[in-house]
Amino acid sequence: MEVDDDNSPTSAAVPDGETTVPTANSTPVQPPAVPPAVVPPTIAPLPAVVPPIAPIPAVRPPVFKPPVPQNGEVKAVDSDSDHEDDGRATAGEYEISEESRLVRERQEKAMQELLMKRRAAALAVPTNDMAVRTRLRRLGEPITLFGEREMERRERLRMIMAKLDSEGQLEKLMKAHEEEEAAISAKAEDIEEDIEYPFYTEGPKELLDARIDIAKYSIVKAAARLQRARRKRDDPDEDMDAEIDWALRQAGNLVLDCSEIGDDRPLSGCSFSRDGKLLATCSLSGVAKLWSMPRVSKVSALKGHTERATDVTFSPVHDLLATASADRTAKLWSSDGSLLKTFGGHLDRLARIAFHPSGKYLGTTSFDKTWRLWDIDTGMELLLQEGHSRSVYGIAFHQDGSLVASCGLDALARVWDLRTGRSILALEGHVKPVLGASFSPNGYHLATGGEDNTCRIWDLRKKKSLYIIPAHSNLISQVKFEPQEGYYLVTSSYDMTAKVWSGRDFKPVKSLPGHEAKVTASDISADGRYIVTVSHDRTIKLWTAGNIEQENDMDWTEG
């Protein structure tokens, strides 16, 4: 008979750890029953499907909080029950830490930015700055911000378009603007349907006449130059190397012959007359002065500019000279010091000037990003030429008269055909502004110098740079070829020196130190006997070869 544990008197509640004591009225003691075999508690079967593992956060694992006991229950610590609770844990029992949440927000923001950049990269954004401004205006955005550059403005437009594209508004806005443009263009076509415009800007009749005159002049000069070159090549008595060696020896013997104070202010330009009997200089005081050669004695002062003078040059044909100034004008003077004409039209200060080889035209460069061609006889502006993205500084005419080279602060030198008005060469190579240019008398070499301290020699036939001369330790202010045959080249620099270079292999021949400040300009006399340099130290220095000085002394003694 089974014992009913629930109804037995001994089944009263007894505290844990205490034993029951039988009383007198208790039932007879029965023999002890054999206890059943101890069976270990059954282990819950493992689930067939492994529960999904919660994603591991980037910084620290989620904190597991056990359920809070209710109604005074005390949860016993039992490893088996812990495992069972782990297996039945739900997602609601996980709590993300604040640090992990911030990390996730940063990741989502970075992903959104990446997608925005990818979308922006796929959009077509105009490259022209004016088109970028127009597009910004159409989208209702400011066309420029304070201190914003062109590339920054274009990138801002790209991001604005990408944002609108992500919001689904870009196509709608662009479509509305296209419809407006189509309506405006349709009206314009109705008004101007019979008007045909040329693809070029028509110049005055005087410019056409000047182009024809320049073409006729250049044909004769080019033919004479080529004939002379053929004769030197074919004549067995002509020894080119010997001539060049003699000229380079003369240049190597250059010594300082004379030094003269030129003005109270720094000097900015100098030029020899065509016969070499006069020297012209200009300074920051705005005054140009004429000096007699070879003793550099003052002859006259040319006063007329209201601002500093930037350059001076003699005509290659007549006894005339021209000056340029920061007052935006160029002036034409006679050799006796009288003012003949004033050329006004530039919108900013002038830099360098040069006469056309025919002596009929004057070229001027300016910080208004243009160079201009003037008629000497009438004082009329024949040509206003654009083409540089920044200020134009240097100008030089080809000896044939057919070409002109301009260079500027955009680190570019351009060669223009005066007969057609076209830019035939864009010489890229300098990494900083180009300040000086000079054509060689051989007809196919062009020298340029600039703020990158180098002088480059360009071959117009090959349309590339032949030599790069690391000429000075500071910027090169001017370059000049020897005017007869181009046997040597002179560069002046802000490192307070001028240097002579071989026209054959462009190796150094002679350094001309002596100035105490930066050298701003230099020139070579027509016969190649003298070199003059001017500087911010206010001095004019005249350099001659030693044997020339001896010949002059012999002539004076004989006289």
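The values are calculated or read from the model by the stated rules, or taken from the named source; none is laboratory data. The model shown is predicted, which means the values in this text are computed figures rather than measured ones. When we count neighbours, we look across all protein chains shown, and the Cβ atoms used for this are built from the backbone with ideal geometry, even at glycine. These accessible areas exclude ligands, DNA and RNA; they are computed on the full protein's heavy atoms, side chains included. Shrake-Rupley method; radii C 1.70, N 1.55, O 1.52, S 1.80 Å.
Only one entry in Arg265, Arg233 is outside any strand (DSSP E or B) and under 39 Å from the mean Cα position of the chain (by Cα), namely Arg265. Highlighted here are the strands (runs of 3 or more DSSP E) found entirely within segment 436-508 that include at least 3 residues which are out of contact with any Gly (no Cβ under 7 Å at 6 or more places or on another chain), more than 19 Å from Val392 (Cβ to Cβ) and open to solvent by 10 Å² or more (accessible area, probe 1.4 Å): 464-469, 497-502. So Thr127 ticks every box in (1) surrounded by 11 or more Cβ atoms within 10 Å (Cβ to Cβ); (2) at pLDDT 75 or above but one. Which box is left unticked? Going through the list (1) surrounded by 11 or more Cβ atoms within 10 Å (Cβ to Cβ); (2) at pLDDT 75 or above, Thr127 breaks only (1). Listed here are the strands (runs of 3 or more DSSP E) enclosed by segment 271-374 that have at least 3 residues being open to solvent by 50 Å² or more (accessible area, probe 1.4 Å) and in the same structural domain as Asp400 (by the TED database): 297-302, 339-344.
Here is the figure for segment 389-419: residues that are assigned to a loop (DSSP other than H, G, I, E, B) and either buried (at least 23 other Cβ atoms within 10 Å of the Cβ) or outside the structural domain of Glu485 (by the TED database) (or both) total 3.
Confirm whether Leu267 is open to solvent by 40 Å² or more (accessible area, probe 1.4 Å) and at pLDDT 95 or above.
Working: open to solvent by 40 Å² or more (accessible area, probe 1.4 Å): no; at pLDDT 95 or above: yes.
Considered against the rule, which asks whether it is open to solvent by 40 Å² or more (accessible area, probe 1.4 Å) and at pLDDT 95 or above, Leu267 comes out as no.
For (1) loosely packed, with under 12 Cβ neighbours inside 10 Å; (2) at pLDDT 95 or above; (3) touching a helix residue (DSSP H, G or I) at 6+ places or on another chain (Cβ under 7 Å); (4) in the same structural domain as Arg372 (by the TED database), each residue gets a yes or a no:
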position	(1), (2), (3), (4)
Ile219	no, yes, no, yes
Arg228	no, no, no, yes
Arg231	yes, no, no, yes
Asp234	yes, no, no, yes
Ala242	yes, no, no, yes
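Quick check: anything in segment 164-176 modelled with pLDDT of 75 or more, surrounded by 11 or more Cβ atoms within 10 Å (Cβ to Cβ) and within 30 Å of Glu381 (Cα to Cα)? No: segment 164-176 contains no residue that is modelled with pLDDT of 75 or more, surrounded by 11 or more Cβ atoms within 10 Å (Cβ to Cβ) and within 30 Å of Glu381 (Cα to Cα).
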